[in-house]
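What follows is a set of notes on a single structure, which appears directly below.
The values are calculated or read from the model by the stated rules, or taken from the named source; none is laboratory data. All values derive from a computational prediction rather than experimental measurement. Counting neighbours? That spans all protein chains shown, and the Cβs are built from the backbone with ideal geometry, glycine included.
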Amino acid sequence: MIYLDNAATTKPNEDVIQSYIQMNTQYFFNPNSPHTAGVKIAHLIDKARDNIKQYLNLNDKFDIIFTSGATESNNIALQGMAQAKKRFGKTILTTKIEHPSVLETMRTLEEQGFNLQYINTLENGKLDITSLKKLLNDDVVLVTCMHVNNIMGQIQPIEEISNILKDYPKVHFHVDGVQGFGKVNLNINLVDSYSLSAHKFHGLKGSGILAFKQAKTIQPIIFGGGQEYGIRSGTVNAPVNIALTKAMRQMDAQMDSNIKLLTEKGKEIRQFIDQYEGVLINSPIDAAPYILNVSFPGVKGEVLVNAFSKYEIYLSTTSACSSKKSSHNETLKAMGLSNIIIEGSIRISIAPDLTNEQIEAFKDAFDKVYNEVKELLKYEL
Ligand code: PMP
């Protein structure tokens with residue numbers, strides 16, 4: 001099996017799984033219990049928060065809130081901050097190429113009376129800074145975008161946006177960092193909040209964090225026992241949170257070598273595919289190196305995914321998390337791609353442990369799939 005769908009989810013590390021098992025068998029206690037076993041777990045969780053801050057190079061202004069994943073983190077940050085700031089202004093800004101956990105949350109806020117405006121994106125999928133500047137005014141309280149796009153891999157200019165927003169101190173700047181962490185460097189201190197899902201960096205599903213500057217400023221959207229700074233009530237899932245910290249430690253330690261490996265292997269695959277007449281590479285050249293979006297115009301993405309599956313090569317059409325939604329091509333549409341290119345697109349997303357033998361096997365399979373479908377390729381787009 002050759003797994004090329006790492007933007008959808010990654011394989012959990014063995015020591016992450018072991019840590020989860022050990023915590024559940026030996027340290028299953030509730031960190032909110034007053035007995036010594038509970039207190040011990042509470043200390044472990046506090047230590048985990050400190051470690052996470054260290055791995056993410058965060059300053060002391062940040063709090064770490066454990067969540068069930070980035071969908072929840074995005075919801076908590078966006079809904080919570082919009083509500084907390086609504087007396088100062090009602091305009092919220094995002095782009096049309098966000099993950100549904102951001103887009104749908106922003107649209108729900110619009111239904112609740114917020115003025116939602118979309119920042120344009122350029123042809124290469126990057127946020128258009130001129131459009132952002134035009135939309136900014138005294139009524140804007142919330143700006144959000146992703147660091148790395150899950151479908152194309154384009155990297156957003158977070159530093160530049162953060163610099164511009166310095167002139168608008170009322171604005172909360174939230175970044176969905178799911179596809180960026182461990183693969184593209186970012187000084188997270190430049191943003192006000194940042195979401196992650198553990199399963200995208202070899203951790204467990206149903207586990208994530210929201211790193212937030214002064215968590216107490218968020219208005220909670222979940223009510224209950226007041227855990228996680230009162231923002232995310234519910235019994236703390238200590239085994240999952242410790243497992244996330246383990247996965248992050250490993251990612252942090254290997255960051256530089258991983259980026260190097262992803263860059264080399266991503267480049268090799270890109271150069272290989274580039275030779276095939278009629279096949280288009282949609283990901284911009286400066287995209288995150290582990291995501292490559294490719295189109296076979298005239299052939300459906302689903303047909304291609306099945307064709308590769310026959311060779312036990314697993315890749316995606318566009319984005320697995322939104323493929324059940326009719327809006328799943330919004331990113332590609334916003335980048336101005338025609339329907340025929342969108343329908344024929346697949347996403348190849350690699351992990352650093354992809355071996356040279358696997359790359360060679362992928363190349364062989366690619367050649368076979370290409371020859372199976374090449375009669376169908378349309379050159380007039
Ligand atoms: N944001 C982005 C950019 C993503 O790719 C994903 C997952 N595909 C999410 C948010 C949501 O993550 P989860 O499904 O783990 O909540």
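Can you tell me how many residues in the range 69-82 are out of contact with any Pro (no Cβ under 9 Å at 6 or more places or on another chain) and more than 14 Å from the ligand (Cβ to nearest atom)?
Qualifying residue count for the region: 3.
Scan the range 127-146 residue by residue and report those that are touching an Asp or Glu at 6+ places or on another chain (Cβ under 7 Å) and surrounded by fewer than 24 Cβ atoms within 10 Å (Cβ to Cβ).
Within the range 127-146, just 129 meets the criteria.
Across the range 340-381, which residue is nearest to residue 12 (Cα to Cα) among those that are of a type in the set (Phe, Trp, Tyr) and either at pLDDT 95 or above or touching a Leu at 6+ places or on another chain (Cβ under 9 Å) (or both)?
362
Residues are listed down the side, and each one gets a yes or a no for (1) out of contact with any Pro (no Cβ under 7 Å at 6 or more places or on another chain); (2) at pLDDT 95 or above:
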| position | (1), (2) |
| --- | --- |
| 179 | yes, yes |
| 195 | yes, yes |
| 199 | yes, yes |
| 207 | yes, yes |
| 222 | yes, no |
| 236 | no, yes |
| 250 | yes, yes |
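Within the range 269-282, restricting attention to residues that are within 24 Å of the chain's Cα centre (by Cα) and in a helix (DSSP H, G or I), which residue is nearest to residue 378 (Cα to Cα)?
270
Quick check on the range 91-106: of everything there that is crowded, with 20+ Cβ neighbours inside 10 Å and in a helix (DSSP H, G or I), which residue is nearest to the ligand (Cβ to nearest atom)?
Taking the candidates together, the pick is 101.
Name the residues in the range 1-42 that are within 21 Å of residue 288 (Cβ to Cβ) and among the charged types (D, E, K, R), would you?
Hits for the range 1-42 are 5, 11.
Can residue 200 be described as over 15 Å from the mean Cα position of the chain (by Cα) and within 29 Å of residue 118 (Cα to Cα)?
no
Among the residues of the range 309-327, what is the count of those that are at pLDDT 50 or above, more than 16 Å from the ligand (Cβ to nearest atom) and not in a strand (DSSP E or B)?
Of the residues in the range 309-327, 4 are at pLDDT 50 or above, more than 16 Å from the ligand (Cβ to nearest atom) and not in a strand (DSSP E or B).
Being within 16 Å of the ligand (Cβ to nearest atom) and either surrounded by fewer than 18 Cβ atoms within 10 Å (Cβ to Cβ) or over 19 Å from the mean Cα position of the chain (by Cα) (or both) is the requirement here; does residue 231 meet it?
Here the answer is no, as residue 231 does not meet what is asked.
Taking the range 191-215, which residues are away from the ligand (no atom under 13 Å from the Cβ) and in contact with a strand residue (DSSP E or B) (Cβ under 8 Å, 6 or more places away or on another chain)?
Answer for the range 191-215, where residues must be away from the ligand (no atom under 13 Å from the Cβ) and in contact with a strand residue (DSSP E or B) (Cβ under 8 Å, 6 or more places away or on another chain): 191, 192, 193, 211, 212, 213, 214, 215.
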